[in-house]
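First the structure, in the form of structure tokens, and then the observations on it.
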Amino acid sequence: MSNLLVGGVETFSAVDFPGKLAAVVFLQGCPWRCPFCYNTDLQQIGKRTDFLWEKFLEFLNKRKGRLDAVVFSGGEPLVQDGLFDAMKDVKNLGFEIGLHTGGYRPKKLAEVLPIIDWVGFDIKAPFDAKRYSQVTQTEHLREVLQSLDMLLSSGKDFECRTTCDPRLLTREDLRKMAEELYAKGVKKYFLQKYRPIPGDTTTTDSDCETLLTDPELLQYMQTHFAEYEVRK
Ligand code: SF4
């Protein structure tokens, strides 16, 4: 019996693993508290859920040939002690493996990285401890940088992406982040438009757009990253 805590599943997605048709497993638990989080139900670490991993494997068995991959998302999947075994189950069925993470637990990332095919790595803020913890409301920048360096040296396919919340980030921040990632050797960087969460009554769509229409930033991205995009 798996000890994986699953908060939910998306049985079909064409957007969570580039170029692959995937099922997405949303794992329970996240140590961070980003103000733009849409998955607050998944934040509580250790919360029991009714979802049975074995049932999901049965479902996957019937999807052989129709799905390419399974993406482990969250929450923060690296919270889960049973992550490696769950990924192995999926790999044994012949599916590729994707991971969405903020990189908060490098030790766990090191354990699972060998069987992962692709990673979507969230970058929350410029690499400054104070700025990072303003977004995550924790202090894990050191771990984030360790995880990113590990990914870079692993040679695995991955992308970095940032949710561009104008309450937290400025145009200058985004430029700085792009420069920092480029300097580290990141090849793919994507900016995601923030969609105001329920309860955010002050941020307008125009605030979100303005942040993403900085010609200098867009030109920098175009000339420095092999792949980049503003996802709206
Ligand atoms: S890391 Fe993701 S799941 Fe965790 S609080 Fe931030 S947005 Fe929510």
(1) away from the ligand (no atom under 16 Å from the Cβ); (2) more than 14 Å from ALA23 (Cβ to Cβ); (3) assigned to a helix (DSSP H, G or I) all hold for LEU78 apart from (1)
Among the numbered conditions (1) surrounded by 13 or more Cβ atoms within 10 Å (Cβ to Cβ); (2) in contact with a strand residue (DSSP E or B) (Cβ under 9 Å, 6 or more places away or on another chain); (3) closer than 20 Å to CYS37 by Cβ, tell me where ASP207 comes up short. (2)
Filter segment 30-46 for residues that are in contact with a strand residue (DSSP E or B) (Cβ under 8 Å, 6 or more places away or on another chain) and more than 20 Å from ALA125 (Cα to Cα) and give the result. ASP41, LEU42
For PRO106, all conditions in the list (1) touching a residue at least 40 places away in the same chain (Cβ under 8 Å); (2) within 22 Å of LYS232 (Cα to Cα); (3) more than 13 Å from the ligand (Cβ to nearest atom); (4) surrounded by 21 or more Cβ atoms within 10 Å (Cβ to Cβ) hold save one; what is the number of the exception? (2)
Residue among GLU54, GLU58 that alone is open to solvent by 70 Å² or more (accessible area, probe 1.4 Å), more than 16 Å from the ligand (Cβ to nearest atom), assigned to a helix (DSSP H, G or I) and within 19 Å of ASN92 (Cα to Cα): GLU58
Go through segment 177-191 and give me each residue that's without any contact (Cβ under 8 Å) to a residue 40 or more places away in the chain and either open to solvent by 10 Å² or more (accessible area, probe 1.4 Å) or over 19 Å from MET150 (Cα atoms) (or both). ALA183, LYS184, GLY185
Considering only segment 89-113, state which residues are closer than 22 Å to CYS30 by Cβ and in a loop (DSSP other than H, G, I, E, B). GLY102, GLY103, TYR104, ARG105
Every pair of residues 6+ apart whose Cβ atoms lie under 6 Å, when the first sits in segment 32-47 and is of a type in the set (S, T, N, Q) while the second is open to solvent by less than 30 Å² (accessible area, probe 1.4 Å): GLN43/CYS30
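Being open to solvent by less than 50 Å² (accessible area, probe 1.4 Å), more than 26 Å from GLY199 (Cβ to Cβ) and away from the ligand (no atom under 16 Å from the Cβ) narrows it down to one of ALA14, ALA23, so name that one. Outline the logic, then answer.
Numbers: ALA14 fails: open to solvent by less than 50 Å² (accessible area, probe 1.4 Å).
ALA23 is the lone residue from the list that is open to solvent by less than 50 Å² (accessible area, probe 1.4 Å), more than 26 Å from GLY199 (Cβ to Cβ) and away from the ligand (no atom under 16 Å from the Cβ).
The values are calculated or read from the model by the stated rules, or taken from the named source; none is laboratory data. No experiment lies behind these values; they were computed from the predicted model shown. When we count neighbours, we look across all protein chains shown, and the Cβ atoms used for this are built from the backbone with ideal geometry, even at glycine. Accessible surface areas use protein heavy atoms only, side chains included; no ligands, DNA or RNA. Shrake-Rupley method; radii C 1.70, N 1.55, O 1.52, S 1.80 Å.
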